[in-house]
Structures are given as C-alpha cells and as structure tokens.
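This report concerns only the one structure given below.
The values are calculated or read from the model by the stated rules, or taken from the named source; none is laboratory data. Everything quoted here is computed from the prediction, not taken from an experiment. Ideal geometry is used to build each Cβ from the backbone, glycine not excepted, and the neighbour counts take in all protein chains shown.
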Amino acid sequence: MKEKKYNINYAYALLALLLLTGMSGRAVAQEFKKTSPWYVGLRGGVPFGISTFSSFGADKTHVGIDAGVYGGYRFNPVLSIEASALWGKVGLSDQDCCIDKGYWLGVDGVRYNTSVAGMNGYAYADIKSSVFMQHYGLHLNVNLLGLFASTRQSRWSVSLSPALYAIGTKATLKSISDNAEIGKGSNNWHLGLGGDLMAEYRVTRHLSVGIYSGLTYLTGKQMDGVPEYLHKDNMLWQSGIRIGWQFGKGSKSGKKTATKQQQSVQQSVPQEPQKVKSPIIKEVTPAVKPDVQSDCAEPQTENRAEVNAVQTKTINSVITFPAIYFDFNSLEISNEQLPKVKQIAEILISNPQIKVELKGWCDTSGSHKANAKISLQRAVELRYQLIKHGVAGNRITVKGMGSDTTLSDPAKARRVETTNK
C-alpha cells in the first residue's frame, strides 16, 4: 500500500511540474513564434515488457512493435512540451529463473505450484502472453545542448524527457506448443511514469529525425494477464525513431521569405544626404523600375573572370579597382571592406581625369525585382562613401545590375564593381 501511495504522489508531483513549466514558458514563447514553435511528427519502435512474464522469456526474446503520433510546442531552445499517442503489441513469456519451478495455470485463472488432478490447465513454461497497448502521454523535453551558448543553435538536440502516461493494456494468453488461445484478459488502465533520452537532428528548417529510448513504470495490475508471483515488476522499455515537422511562418516559400527580409533591409537603409545627390543618380534610377527585367533575369554580358579586381585602362597606365563585397541582405559596407573603399578614393583623387561607374550586384536569393533595387542601393552606398572621402560626385555614376547568375559563390556575387566610363 505504501508503494502504491508513493507512486500516486509522484504522479501528482510530475503533473504539477509539467503544468508549471508550461506556464513559466509563456514569457519567452513570443520570441520563438517567428521560428515555428509548433511541431508534429510520427514515432515508432520496438517495445519490451517486463512483468510476471517478460519479453526476455525462457523460450526466446519477444520483440514488440508500436507506432503513433506526437505534437508539441517549443518555448525556447531548452524547453518544449508535447503530447503523444501510440498503439502496439508486446509479447512476454515465463522467465529463465522460474522455468524449473513447475508453476501451473488452471482454467479457473489461479496459479498452482503443480498441476491439479481433474482440472484442465497449462504449465507456465508453455504459456506466452500477447499484450495490446495504447499509450497517451504528456512529455516535458529538456534539450541539454540548449543550455550552452555554443550549441544552442545547433542542428542537434539531446533531450531528457520525463513523461506522464495513461496506458491501456489487454492480454491474450496462448500456448507456446500449438499457439492455441487459452484466454483473454480484461482491459486494464495504468498510470505510467517514466521518460526518454532522445537525440534529434534538424535535416532542414522544418524536417527533423531522431532516436529515443526510455523506461515507463506501470501502476496497477500486471500487464501480462497471469497471476503475480515472485516478479513484481510492471514496466515497458521502448526504443525507436521519430520523424518531425515544424510549422509556423518559416514554412512559407523561400522566395517570399527572402523578399520580406530584403524589403525590411531596404526600409532601414539611411538616405543619402541632400548635399551629395546629383542628377547622375536620377538618370540611372529608371534601371530599377519593375518593368525593367533585363538587369535581373539576364545580367549584362561582361568579362568578370577576376571578381576581386576590375581593371580600368587610362591613357598611360592600367588601374586596378578592388571589388567591395556585402553581407547577405546588407546594404552597409562592413569594416573589413572599408580599407578598399579608401583605396578606390585615393586612386580617383590621384587621377582626377577618371570618371567611373559603380555596378551593384546581388546573389540569386529573392525576387528579381527586390534584387534590382538592392543592387542599386549597394552602388549608391559606395558612391556615398567615396564622396565622404573627397571624390567629386559628378565623377561617379551608379547602376543596379540585379542578380548575378554566373557565379556559384553567393558571397562573391554580393558586390559593387568600379569600372571606367
């Protein structure tokens, strides 16, 4: 009685922990709505039962099978809560240590130490139990890798998952020698307490695969349908695989997502001061109107074998201008690129006869229309920086070239080239 009372109290404590964790997670849930907090999936594997009879019986190992679904909500990189439902079967038979004791099951459902004269029955050594199971669980997943900054955004997760189950079982007893059905037990419901150790890998933004293994202790009657003796364990060991799919805003098409990101960057770009504007920019502005598709669909045919430097010929010499590269979705020139901006400005100041055209490029992410605008804005940003370094604005024109489909490396495609006019 004390053991049963302890199990019930433990169940209440675990349920309270799950509910409190869910409530405390609301404060940080808003941050992760953008990263698809809802998820669903399929899971299945091979369960083993350990009760009066065991899946590791004297005759052989009985491998079970189960399958089901799960779904949950991720509060943050560490905590998530999910519900699961599984259905399956597990087989059990008499254990090695008791095979020689000669126990006997009478037709009255009572265990005897030996056969009873005048009563039909079966030796325990000739009985196997097939148990149909249904699991309904509530899990709290704690991702251990999420506790550390260096692995918080990793594709891998390793989780401890304490769980509370409602488990229904129904046993069917059969004879091992002739597979004849001996009888069926009643439906029994158990409170299940346990947990899993899980490892998952995020294959794509939405798809994940994983493995799990864990133990669940069942309260109440023995699951195998035979009278209890010696062995009082009543538990399940389950191992299997999980395949999950994460929902949310991230499930929209890549092009739409990229376009939204680019539009947000455009809105945050600081405007060029009025004093450095010139009629030359107005002349090239029509290049980014939506009806002009040539800059984006098919980039201009030019010799760009050397992307790192564009050579411009003057009367007496060849001047090399370095290319300025941009981060993904960025219109700002990074600190690493600023020395090259200074180099271009010094060349132009030293050669006042040179007039140049700045050609901006994007990679192939996002729509042609958005890339046409962003490529022009990158060229405008470089012109603004050159003017700040003392180059006259009337010596510089800008042009947006759109997406460069000729380069396989996106980092090399996001650039501004300086060419002689």
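Beta carbons closer than 8 Å, at least 6 apart along the sequence or on distinct chains, pair a first residue in the range 388-411 that is in the same structural domain as L348 (by TED's automatic domain parsing) with a second that is assigned to a strand (DSSP E or B) and surrounded by fewer than 19 Cβ atoms within 10 Å (Cβ to Cβ) for I396/E357; T397/E357; V398/E357; K399/E357. Considering only residues that are more than 20 Å from S213 (Cβ to Cβ) and at pLDDT 95 or above, look in the range 137-169 and name the one that is surrounded by the most Cβ atoms within 10 Å (Cβ to Cβ). Across the range 137-169, the extreme among qualifying residues is T169. Cβ separations smaller than 9 Å between residues 6+ apart or across chains give the following pairs from the range 207-218 residues that are in a strand (DSSP E or B) to residues that are at pLDDT below 95 and charged (D, E, K, R): S208/R155; S208/R202; V209/R202; Y217/D233. For the range 369-392, enumerate the residues that are in a helix (DSSP H, G or I) and closer than 19 Å to Q343 by Cβ. Matches in the range 369-392: R378, A379, E381, L382, R383, Y384, Q385, L386, I387, K388.
Listed by first and then second residue, the pairs with beta-carbon distance under 7 Å, at least 6 apart or on different chains, first residue in the range 327-339 and without any contact (Cβ under 8 Å) to a residue 40 or more places away in the chain, second surrounded by 15 or more Cβ atoms within 10 Å (Cβ to Cβ), are Q337/I324; Q337/Y325.
Here's the yes/no breakdown for (1) hydrophobic (A, V, I, L, M, F, W, C); (2) modelled with pLDDT of 95 or more; (3) assigned by TED's automatic domain parsing to the domain that holds G41; (4) surrounded by fewer than 20 Cβ atoms within 10 Å (Cβ to Cβ):
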position	(1), (2), (3), (4)
L79	yes, yes, yes, no
E82	no, yes, yes, no
W87	yes, yes, yes, yes
V90	yes, yes, yes, no
Q95	no, no, yes, yes
G102	no, no, yes, yes
V107	yes, no, yes, yes
R111	no, no, yes, yes
A117	yes, no, yes, yes
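Here the range 52-77 is the region considered, the condition is being of a type in the set (S, T, Y) and in a strand (DSSP E or B), and the residue that is surrounded by the fewest Cβ atoms within 10 Å (Cβ to Cβ) is T61.
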